[in-house]
1. For the stretch 89-103, take each phi angle, set θ = phi - 60°, evaluate the Karplus expression 6.51 cos²θ - 1.76 cosθ + 1.60, and give the result in whole Hz per residue in order, putting x for glycine and proline.
2. Which residues in the stretch 60-97 place their backbone N less than 19 Å from a point set 7 Å from the Cα of ASP122 along the Cα-to-Cβ direction?
3. Tell me the label-point distance for the pair VAL60, SER15, using the 7 Å Cα-to-Cβ offset, in nm and rounded to one decimal.
4. Divide by every residue of the chain the summed helix terms, -39500 (n - 2.57) for each DSSP H run of at least 4, and state the resulting mean residue ellipticity at 222 nm, rounded to the nearest 500 deg cm²/dmol.
5. Give me, ordered by chain and number, the residues 5 or more places off LEU20 or on other chains with an amide H under 5 Å from its own placed amide H.
6. Give me the distance in nm between label points sitting 7 Å out from Cα along the Cα-to-Cβ direction at VAL35 and SER108, one decimal.
7. By the gyration tensor of its Cα atoms, with a ≥ b ≥ c the square roots of the eigenvalues, what is the shape of the chain: rounded for a/c under 1.5, prolate for a/b over b/c, or oblate?
8. Tell me, what HN-Hα J-couplings in whole Hz come from the Karplus equation 6.51 cos²θ - 1.76 cosθ + 1.60 at θ = phi - 60° for each residue of the stretch 48-58, using x for Gly and Pro?
Amino acid sequence: MQQTVVRVICAIGQSGQLGLNGELPWEGNRDPEYVADVARFFDITRGHVLIAGPKTIGAVPDFARTDRTLFVLRSHMDPEATLKQFAGRVVFVGGGPPVWDIYAPYVSHWDITRLPYDGPADRWFNPNWLTASARHQGDRHPNPSVRAGPSI
Ligand SMILES: NC(=O)c1ccc[n+]([C@@H]2O[C@H](COP(=O)([O-])OP(=O)(O)OC[C@H]3O[C@@H](n4cnc5c(N)ncnc54)[C@H](OP(=O)(O)O)[C@@H]3O)[C@@H](O)[C@H]2O)c1
């Protein structure tokens with residue numbers, strides 16, 4: 001049976017800042033590292049599937065809406081059933097944080113750019129996502145905030 005390859009690309013500030021007021025905290029910053037990071041995200045995800053919460057999908061610019069599959073995640077959806085719909089594809093889980101809380105156990109590769117931004121945020125990266133592994137399914141994980149799930 002074909003697998004779904006589940007990946008994440010995200011960008012964080014110096015202390016894990018992810019979002020502010022529904023946007024990237026560094027929105028509008030035209031310094032080269034910020035511009036390059038956004039361009040890289042859309043290059044790498046081109047041709048693949050991007051699944052994310054309603055706000056994150058809503059922020060995808062028009063130019064990137066036709067050359068990739070966009071799928072809005074809602075909290076009532078079962079993550080395994082959702083990922084199985086995309087068997088044989090590479091699926092990027094785009095966040096926000098409540099989505100990564102649930103989908104982190106299925107992620108095989110995290111691609112995190114740490115940008116120079118050091119200002120405020122209202123959405124933060126959670127390092128526990130990186131160890132929310134399917135390995136721990138059926139075990140009691142030492143960190144109770146980590147939810148384990150089977151591989152897809
Ligand atoms: N720096 C980065 O790389 C990066 C990446 C992504 C997002 N962001 C930032 O993060 C912010 C947006 O994220 P957000 O979390 O506020 O909104 P979001 O993208 O809409 O994601 C959260 C929503 O996803 C839905 N959802 C889908 N599946 C879910 C599940 N299994 N469990 C719980 N909720 C689920 C929920 O909405 P329902 O309950 O209505 O279904 C939830 O409110 C923005 O500031 C954005 O710029 C930053």
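Quick note: the coordinates plus some simple rules give every number you see, no bench work behind them. Just so it is clear, the structure is predicted and the values come from calculations on it, not from any experiment. Here the Cβ is made from the backbone with ideal geometry for all residues, glycine too, and neighbour counts use every protein chain on show.
1. Coupling constants for the stretch 89-103: 10, 9, 10, 9, 8, x, x, x, x, x, 6, 5, 3, 8, 8 Hz.
2. 60, 95-97
3. Using points 7 Å along Cα→Cβ, the separation is 3.3 nm.
4. That comes out to -5500 deg cm²/dmol.
5. Amide H neighbours of LEU20, under 5 Å, 5+ apart: ASP122.
6. With each label point 7 Å from Cα toward Cβ, the separation is 3.5 nm.
7. Taking the square roots of the gyration eigenvalues as a ≥ b ≥ c, the chain is oblate.
8. For the stretch 48-58, the Karplus curve yields 10, 9, 10, 10, 6, x, x, 5, 5, 5, x Hz.
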